[in-house]
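Below is one structure, written out as structure tokens; comments come after it.
The values are calculated or read from the model by the stated rules, or taken from the named source; none is laboratory data. No experiment lies behind these values; they were computed from the predicted model shown. Backbone-built Cβ (ideal geometry, glycine too); neighbour counts: all protein chains shown. Just the protein is used for accessible areas: all its heavy atoms, side chains included, with ligands, DNA and RNA removed. Shrake-Rupley method; radii C 1.70, N 1.55, O 1.52, S 1.80 Å.
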Amino acid sequence: MSSSTVAMPPTHYLNNGLTLKSWLFTKDHKRIALLYLVAVTFFFMVGAAFAVAIRLELATPAGDLLSDENYNRVFTMHGVMMVFFFLIPAVPAILGNFLIPLQIGAKDLAFPKLNLLSFYIYFVGSLFTMYSIVSGGLDTGWTFYTPFSTVASTSAVVPAALGIFINGFSGILTGLNFIVTIHKMRAPGMTWFRLPLFVWAHYATSLIQVLGTPVLAITIVLVAAERIFGFGLFNPAVGGDPVLFQHLFWFYSHPAVYIMILPAMGIISELVAASARKQVFGYTFVAFASIGIAVIGFLVWGHHMFVSGESVYAALVFSVLSFIVAVPSAVKVFNWIATMYRGSVSWETPMFYVAGFIGLFAIGGLTGLFLASMGLDVHLTDTYFIVAHFHYVMVGGTIMGYLGGIHFWWPKITGRMYNDLLGRVSAVVIFVGFNLTFFPQFVVGYLGMPRRYHAYPEEFQVLNVLSSAGASVLAVGYLMPLFYLAYSLKYGEIAGDNPFGAVGLEWNTTSPPPTENFKTTPVVTWEAYEYPTPVEGHVV
Amino acid sequence: MRSGTPLFPEAASTIAPRVDALYLFLVGLTAFMTILIAALVVIFMIKYKRRDPNSIGARIHGGMALEIIWSIIPLFIVLGIFVWATGIFFDIARPPAETMNIYATGKQWMWKFQHLDGQREINELHVPVGRKVKMIMTSEDVIHDLYVPAFRVKADVIPGRYSHIWFEATKAGEYHLFCAEYCGTQHSGMIGKVVVMEPDDFQAWLSGGVQEGSLASAGSKLFQDLACNTCHRPDAQGRGPVLQNLFGKTVTLASGENVVVDEAYIRESILTPSQKVTAGFQPTMPTFQGLVSEEGILQLIEYVKSLKTDMPVSAVRPNTGGPAPNENTPAQAPPTRN
Ligand SMILES: [Cu+2]
Ligand SMILES: [Cu+2]
């Protein structure tokens, strides 16, 4: 690693066109990825601002900071922004977009224009949703449960619903684009079982996006239609069934948690292999675990409804499948750890994020067992226990993975290196802050504090104060990368093509890559993660 | 309800210790696995730390035996947990045959309770120690959820349906009662308390309240006010079926379908009578949609349930003190025969 002596390549995708137009109308998957990076980061900040308001309010038991209405709007918008505009697109639309063509040796995605269209659909969807914030807010929770959302709520449900509906197409088209790309655009010799696991994970994710999102889209349109035209499909007062909505909603929204976590798992597979300079242990098991999770993940939605009056036998089936889907996730964790065994484990930033991910994901996954346990879920569902659980998976898991990936591929994306010490510190601060924030919520959840409570009994205050205090540590952790990564754009060391000495086609081109990704189409003659690096000129 | 900062909830029902046992087992499992995983990560990071910047890891591709071991063992563990948890769930979800029933109606943002003896409460629920209590619950507007953490039970309270929870309290005291399903502006204000009393105290409380007459007698009054009795007569001379001994029975519908008469069926009969027409009768019963409240429907249900024989309601529940309504005298003009 003698990166200081290396120079930036003279031409690359970043300096190929400097006008605003060359960015806004780009068909280059790498530039589109950066458009997403900016937009997704913005929505993360918006969602985080709402989280700050929540944690400030909950520092005292009385609802004294915000009014009831505003508190409800704030937690709703926190959920909507984070789920639909940050967690779901973050890894696929940014890193997936950037890396899939590079990792399979392609010039671009199969449909570059469609890719740009996806971005604008996402953008328009977000405008609608943002509009609902200023035109009366949204107070339905991100789950839009009927009949509250259809007949009782007086907030701006329709614009938000339309925003989410529109945004859904962005995910569907991106998924479609990935599937076709992975099938059709692989470089010569890049067989299915030579694909990086990041690509496998995105393949599984894309299947869910394409098959599941339409159901959400229809459901959310039905909610809007019911408000506008009074259809009554979900309204018991006119013979409708409010619980039908829950089935439709969770049919998508459970798999959606895998849309959020599978790509992050794909990142971890890459980062473990590169950090240990070793082939991922049990490659095929990890690859098929992704597919298995995607398939079984479609059959467990009823675990959100154990107390909604579904039949005990339906509940039984949903419960057993929810337990079974835990196994492939566990298999992945074991394989990552086995990958480290006798590796050459780097202590650079990506490995710190990997360690953080594994720790938080382990707790997130294991607490999922509590909730799959029906007899226990009756007590735990709709309490802070569940809030803690899914934040461990989606924030501890997905964001750790996402940030790990950003740190790992940052030199590839920008051509420059950030300060590695600050990188490691941020990983540690996030890990500590995260646990301080969310661990107390498990405790207060088992005590029985319901979620979405603006005010709460006094005996829960100490735990809530701990959580709010932890959140301020967490906020520092999330802000740090923003600064040192931005700083690196101008002042960072030139990274060189392969600063981590990793294998993978993306490291066989310049940093940043040229617009066409590779000067000549690569021919793959080696297995995934085969060290030492088989390509000349990049000896580690 | 306690002061200070408890870290573990009170356990005040028969099911609570069983839920806690499973919980503590899972906490143990989670702690063990997390520590194991974290330890392995840290140990491998230290032991195999890259010292030479050019070194690479050992060439190990995988191991079938290991993959099988670490798939099968977790599979059996989770299936074991599944069996354990499902056993508890079935006991929570299926109320025992003999219960003391209390009706609950949720609405934005309060809980209303009606005891069979006629006591009504708002946001406060009195129950005795040692009795199996079943809550029969519905909502007037959106979905709510009745949750008593100390009992470890909750269930959604859904408009247009009856849902149940049941519990047997084991410890006198006051416990939180929450709405656990987000229901709008004052969701977090839709709370109250459960007051668990020793059986004697409870009896005293029951008889100390306002004497409005039993729930069934309130239903009986409604039955006459709404002129149900013009068509439903114990002597089978009305236009509608005899309702005596109806509850729990299986009736055949005009469509040929068989249904068991439960709370939901009676509710449907009152609100959408043409949906399920009883075989042998004309669909002449009018809908009472909008004419009777959810609580009124519950009273009617309780009245129908009380019609065990053709005796008037006061004979069935002699201790309620209300006057015995005379069912055989129609409140309005006698029905016309078809
Ligand atoms: Cu789920
Ligand atoms: Cu409520």
Seminar exercise, completed: Using eta = 1.306 mPa s and T = 10 °C, Stokes-Einstein with Kirkwood Rh from Cα pairs puts D for chain B, in µm² s⁻¹, at 66
Seminar exercise, completed: Lys and Arg at +1, Asp and Glu at -1: neighbours of A:Thr349 with Cβ under 12 Å from its Cβ sum to -1
Exercise. How many nm is it between the label spots at B:Asn258 and B:Val83, if each spot is 7 Å from the Cα in line with the beta carbon?
Worked result: 3.4
Seminar exercise, completed: Taking R0 as 41 Å and r as the Cβ-Cβ distance between B:Ala279 and A:Phe231, the FRET efficiency 1/(1 + (r/R0)^6), rounded to the nearest 0.05, comes to 0.80
Problem set entry | Integer Hz, Karplus 6.51/-1.76/1.60 couplings in order for the stretch A:228-237, x for Gly and Pro | 6, 9, x, 4, x, 4, 9, 9, x, 4
Seminar exercise, completed: Mean Cβ-within-10 Å packing, highest first, puts peptides B:100-108, A:478-486 in the order B:100-108, A:478-486
Problem set entry | Listing of the stretch A:375-409 residues, each with accessible area lower by at least 30 Å² in the full protein assembly than in the chain alone (probe 1.4 Å) | A:Gly375, A:Leu376, A:Val378, A:His379, A:Asp382
Exercise. So for chain B, taking the charge dipole from beta-carbon charges (+1 Lys/Arg, -1 Asp/Glu), which of B:Met64, B:Ala16, B:Ile88 sits furthest toward the positive end?
Worked result: B:Met64
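What relative contact order, as a whole-number percentage, does chain B give when Cα pairs under 8 Å and 6 or more residues apart are counted?
15
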Exercise. Averaged across the residues of B:72-85, what count of C-beta atoms belonging to other chains lies within 10 Å of each residue's C-beta?
Worked result: 5
Problem set entry | Radius of gyration, Dmax [the stretch A:228-371; alpha carbons; angstrom] | 19.3, 66
For this session: Go through the stretch A:511-526 residue by residue and turn each phi into a ³J(HN,Hα) via Karplus (6.51, -1.76, 1.60, θ = phi - 60°); whole Hz please, and just put x for glycine and proline.
Result: 10, x, x, x, 3, 8, 6, 10, 5, 10, 4, x, 10, 9, 10, 10
For this session: With unit charges on the beta carbon (Lys/Arg positive, Asp/Glu negative), name the residue among A:Phe439, A:Gly401, A:Asn508 whose Cα is farthest towards the positive pole of the charge dipole of the protein assembly as shown.
Result: A:Asn508
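Rank A:Glu57, B:Glu294 by accessible area, highest first, at a 1.4 Å probe radius?
If we order A:Glu57, B:Glu294 from most to least accessible, we get B:Glu294, A:Glu57.
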Exercise. In nm, to one decimal, how far is the modelled label at B:Lys193 from the one at A:Ala59, with both set 7 Å along Cα→Cβ?
Worked result: 3.0
Problem set entry | Relative pair counts by distance (%), Cα atoms of the stretch B:100-208, 5 Å bins | 3, 13, 24, 28, 17, 10, 4, 1
For this session: Could you list which residues have their amide H under 5 Å from that of B:Gly240, counting only those 5 or more apart in sequence or on another chain, with H placed in the peptide plane?
Result: B:His232, B:Arg233
For this session: Counting only heavy atoms of the protein chains, get the accessible area per residue of chain A (1.4 Å probe) and round it to a whole Å² value.
Result: 31
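With a Förster radius of 45 Å, plug the Cβ-Cβ distance of B:Ser293 and B:Ala172 into 1/(1 + (r/R0)^6) and report the FRET value to the nearest 0.05. Walk me through the numbers on the way to the answer.
Working: r = 33 Å, r/R0 = 0.73.
Computed FRET efficiency for B:Ser293 and B:Ala172: 0.85.
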For this session: Starting from the Kirkwood radius over alpha-carbon pairs of chain A, derive D by Stokes-Einstein at 20 °C in a medium of 1.002 mPa s and give it in µm² s⁻¹.
Result: 90
Seminar exercise, completed: Once Lys and Arg are counted +1 and Asp and Glu -1 for all other residues with Cβ under 14 Å from that of A:Thr515, the total becomes +2
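With a 1.4 Å probe, how much accessible area is buried between chains A and B, both sides summed, in Å² to the nearest hundred? Write out the running numbers ahead of the final one.
Details: alone 20670 and 19220 Å², together 31990 Å².
That pair of chains buries around 7900 Å² in total.
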Exercise. What span do the alpha-carbon atoms of the stretch A:445-533 cover on each of the three principal axes, reported in whole Å from largest to smallest?
Worked result: 66, 35, 24
Problem set entry | Pairwise label distance in nanometres, B:Arg51 with B:Phe8, each label 7 Å out on the Cα-Cβ vector | 4.7
Problem set entry | List A:Met305, A:Met82, A:Met130, ordered by accessible area with a 1.4 Å probe, largest first | A:Met130, A:Met82, A:Met305
Exercise. With a sphere of radius 12 Å drawn around the Cβ of A:Phe318, what net charge do the other residues whose Cβ falls strictly inside it have (Lys, Arg +1; Asp, Glu -1)?
Worked result: -2
For this session: Let me have the relative contact order for the stretch A:33-508, percent, based on Cα pairs under 8 Å that are six or more residues apart.
Result: 16
Exercise. Averaged over A:66-74, how many beta carbons belonging to a partner chain fall within 10 Å of each residue's beta carbon?
Worked result: 2
Seminar exercise, completed: The long-range amide H neighbours of B:Lys49, using H built 1.01 Å from N in the peptide plane and a cut-off of under 5 Å, are A:Val345
Seminar exercise, completed: By accessible area (1.4 Å), largest first, B:Cys183, B:Cys231 order as B:Cys231, B:Cys183
Seminar exercise, completed: Using a 1.4 Å probe on heavy atoms of the protein chains only, the accessible area for A:Trp410 in Å², nearest 10, reads 20
Exercise. Quick one: Cα centre-to-centre distance for the stretch A:207-248 and the stretch B:1-44, in angstrom?
Worked result: 37
Exercise. In peptide B:231-243, how many Cβ atoms from other protein chains are near each Cβ within 10 Å, on average?
Worked result: 0
Seminar exercise, completed: Treating only Lys and Arg (+1) and Asp and Glu (-1) as charged, each at its beta carbon, one finds that the stretch B:100-208 has a dipole about its Cα centre, in Debye to the nearest 20, of 220
Seminar exercise, completed: For chain A, the dipole about the Cα centre with charges only on Cβ (Lys and Arg +1, Asp and Glu -1), to the nearest 20 debye, works out at 1280
Problem set entry | With every protein chain in place, the stretch A:388-432: carbon and sulfur % of accessible area (1.4 Å) | 77
Exercise. Efficiency by 1/(1 + (r/R0)^6): what FRET value for A:Thr525 and A:Leu211, r their Cβ-Cβ distance, R0 = 35 Å, to the nearest 0.05?
Worked result: 0.50
